[in-house]
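Some notes on the structure that comes next.
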Amino acid sequence: MNEMTNLYSQMGVSQAVYQYGEKAIEKLGMRFAEIDQIAEYNQAKVLFAMQKNRVSAACFAATTGYGYDDVGRDNLERVYADVFHTEAALVRPQITCGTHALTIALSANLLPGDELLSPVGLPYDTLQEVIGIRQSPCSLKEYGVSYRQVNLLDDGTFDYDGIKNAINNKTKLVTIQRSKGYATRPTFSVEQIGALIAFVKNIKPDIICMVDNCYGEFVETVEPSDVGADMVVGSLIKNPGGGLAPIGGYICGTKECVNRCAYRLSAPGLGQEVGANLGLMPALYQGFFLAPTVVAGAEKGAIFAANLYEPLGFRCVPNATESRHDIIQAVELKSEEAMIAFCKGIQTAAPVDSFATPMPWDMPGYNDKVIMAAGAFVQGSSIELSADGPIRPPYAVYFQGGLTWQHAKLGILMSLQKLVEAGLVDL
Ligand SMILES: *Cc1c(COP(=O)(O)O)cnc(C)c1O
């Protein structure tokens with residue numbers, strides 16, 4: 001296709017890089033077909049929930065002030081609850097990010113003297129200050145909530161003996177992070193999470209099991225709430241916002257847990273009754289509607305990246321052939337220089353701020369310098385094509401998103417182009 005290669009070369013992607021990419025894509029037909037099937041199922045699931053809850057134009061009206069009797073907001077929460085098969089949901093633009101949603105879920109359901117257990121190793125960077133693993137004012141630790149952690153075994157599986165030993169009469173809540181985050185361990189399948197929850201509940205049935213669902217939504221046909229999680233928590237500027245939500249977070253779960261979360265978010269006694277929608281409902285509904293196909297495109301991009309970089313000698317997590325449970329692709333680039341080149345490529349391919357050059361910086365909540373490439377319509381949105389990673393060995397860049405598969409593909413080709421131009425890769 002001459003037209004295609006012409007345009008790509010005008011945009012800076014060489015013939016050699018383009019051809020190398022086409023060769024990688026040739027082998028991916030079957031996998032892409034499977035992803036499309038999952039997207040079809042999840043599209044129907046979301047659609048059915050919207051129909052069942054009689055979504056109408058009235059749901060899109062803006063409210064201000066207290067936001068009492070906000071029909072659109074309340075109905076969106078019923079739609080989320082139906083999609084995640086939970087009793088209740090809290091879906092709010094007042095939840096500023098994923099870390100905030102997780103903080104609400106934890107602090108609402110843990111009281112002084114309670115213990116929090118992570119049976120899957122160290123939690124995501126920002127959660128470490130929330131919990132108090134790294135000292136911070138207002139951490140759970142400061143409020144008298146203790147923390148225990150059981151690391152994964154060397155092969156990335158759960159240390160069931162260790163978990164059994166760690167559970168004690170103080171253990172109140174177990175936090176399970178589905179996605180690897182900035183680690184190079186495997187992401188867990190929903191099935192694996194279900195087995196872990198069953199194991200924990202078998203030892204102590206009243207333990208609350210919370211799943212950090214960030215980046216996992218709609219990658220499979222089931223969610224952790226289908227396999228016993230009492231709460232699933234995530235960000236609307238990742239998967240479930242479909243790229244359209246400009247802000248927000250969600251917590252879906254049991255009535256009791258979600259009620260407490262609402263009391264924590266607003267105030268005891270007020271709960272879900274307050275919280276104006278400020279005119280964001282069209283974006284939150286439409287984004288949720290688009291989310292299954294957006295996630296599918298992003299996942300194709302992740303698989304393409306692994307199939308492009310692995311043969312070039314860079315370790316990829318997940319690898320080129322294994323099954324996927326989130327939209328994140330880690331590529332171990334072995335040097336800071338290569339991380340910068342990779343991110344430059346992603347940035348150059350962006351629709352917004354394509355002229356900017358990403359540089360490592362001290363980002364709040366993170367311990368090492370972080371580099372981020374993001375030219376997004378929504379600032380910091382990582383369901384849009386983005387790459388980031390802490391500057392520390394093994395110099396892994398975490399690549400994710402892409403509102404369309406076509407854009408994800410171009411971004412990845414551009415990242416390879418920059419590595420080639422920097423003399424770090426020979427095709
Ligand atoms: C992104 C992420 C978070 C935090 O979300 P923010 O919106 O960045 O605050 C928490 N856990 C995991 C696994 C994530 O990927």
Exposure proxy order (Cβ contacts within 10 Å, fewest to most) of M30, M363, M414: M30, M363, M414
Straight-distance crosslink candidates among lysines, where the alpha carbon sits under 17 Å from K23 and sequence neighbours closer than 8 are dropped: K300, K409
Mean residue ellipticity (222 nm) of the chain, computed from DSSP H runs ≥ 4 via -39,500 (n - 2.57), nearest 500: -13000 deg cm²/dmol
GNM result for the chain, Cα springs below 10 Å: residue of P390, P318, P137 fluctuating most strongly: P137
Bridge type composition, the chain - antiparallel percent by DSSP, nearest 5: 60
Proximal aspartates and glutamates relative to K204, as straight alpha-carbon distance under 12 Å, when same-chain residues fewer than 8 apart are discounted: none
Most mobile of N319, N165, N109 in a GNM of the chain (Cα contacts under 10 Å): N165
Likely footprinting exposure, C343, C209, C252, C97, fewest C-beta neighbours within 10 Å first: C97, C209, C343, C252
Tilt relative to the chain, helix 71-83 - C-alpha long axis, 0 to 90 degrees, to 10: 80
Peptides 197-205, 301-309, 258-266, 16-24 ordered by average Cβ neighbours within 10 Å, highest first: 301-309, 258-266, 16-24, 197-205
Of S179, S235, S323, the one that fluctuates the most in a GNM where the chain has Cα springs shorter than 10 Å: S323
Qualifying aspartates and glutamates (Cα of each under 17 Å from Cα of K344; at least 8 residues distant if same chain): E332, E336, D353, E384, D388, E421
Note, ³J(HN,Hα) from phi for the stretch 275-290, Karplus 6.51, -1.76, 1.60, rounded to Hz, x at Gly and Pro: x, 5, 8, 6, x, 8, 4, x, 5, 6, 5, 5, x, 5, 5, 7
Taking N as its residue count, the alpha carbon Rg of the stretch 111-244 over 2.2 N^0.38 Å: 1.03
Tensor-based shape of the stretch 11-145 (alpha-carbon gyration tensor, a/c under 1.5 rounded, otherwise prolate or oblate): oblate
Residue-wise HN-Hα coupling along the stretch 45-60, computed from phi with Karplus coefficients 6.51, -1.76, 1.60 (Hz; x: Gly, Pro): 4, 5, 4, 4, 5, 5, 5, 4, 8, 6, 4, 9, 4, 4, 6, 9
Taking F355, F48, F60 and counting other C-beta atoms within 10 Å, the order from fewest to most: F355, F48, F60
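Read the figures in this text as sums done on the coordinates, not as results from a lab. Small disclaimer: the values here were computed from a predicted structure and weren't measured. Heads up, the Cβs are rebuilt from the backbone with ideal geometry, glycines too, and the neighbour counts pull from every protein chain shown.
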